[in-house]
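Only one structure is covered here, and it is reproduced in the block below.
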Amino acid sequence: VPVDGSHWLSMREVVNILRRKGHEVVVLAPEVSMHIKPSKNFVMKMYPVPYKQEDLDNAFEAFFHTAFAEGSFLERYFKVFEAMKRLADLGVSSCEHLLQNKELIRYLEQSKF
C-alpha cells in the first residue's frame, strides 16, 4: 500500500537493508508524493493519481498547521479531524488508482509479486 510521509521514511531503511541482503525490491508509488523518490536500491513503479503535488502539499501543510494551532481542545479536535480526513481521502484515492491500473497489476502478476 503506498504510504508517504514518516511511514515511508521508516520503510526506506527496511528496503535498503533488504537490497543489501540481495533481495530485489519493487516499490509501488503514486506519481505525486512527498518522500518516495527513485533510488538505485529498488525498482520503482509509479502510477498516475487524480491530484497534483500542490494538493498533497496543501493537505499536509493544513494538517501540521492545524495540529499545532491554538484554541480550545474541541475546536482543534474537529479541525485536526477534517485535515486528517483530507489526507486519508488522498491515500484512498491513491490506493484505488493503483488497483485500477491494469498495466501495473499485469506487471505484478507476471513477475509473481
For q = 0.09, 0.10, 0.13 Å⁻¹, what log10 I(q)/I(0) does the chain give under the Debye formula with an equal point scatterer on each alpha carbon and no solvent?
-0.31, -0.37, -0.59
So, for the chain, what is the accessible surface per residue at a probe of 1.4 Å, expressed in square angstrom?
72
With a 1.4 Å probe and all protein chains in place, put Tyr47, Tyr107 in order of accessible area, largest first.
Tyr107, Tyr47
Tell me the carbon and sulfur percent of the accessible area for the stretch 6-111, rounded to whole percent, probe radius 1.4 Å.
57
Axial C-alpha extent at least 30 Å, average Kyte-Doolittle at least 0.5 - helices from the chain (DSSP)
none
Normalised contact order of the chain, rounded percent, pairs of Cα under 8 Å and 6 or more residues apart
24
Quick check: from the Cα gyration tensor, does the stretch 61-113 come out rounded (a/c under 1.5), prolate or oblate?
prolate
State to the nearest 20 debye the size of the charge dipole of the chain about its Cα centre, where the only charges are +1 on K and R beta carbons and -1 on D and E beta carbons.
660
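The values are calculated or read from the model by the stated rules, or taken from the named source; none is laboratory data. No experiment lies behind these values; they were computed from the predicted model shown. Virtual Cβ from ideal backbone geometry, glycine too; neighbours counted across all protein chains shown. Calculation scope for accessible area: heavy atoms of the full protein, side chains included, ligands and nucleic acids excluded. Shrake-Rupley method; radii C 1.70, N 1.55, O 1.52, S 1.80 Å.
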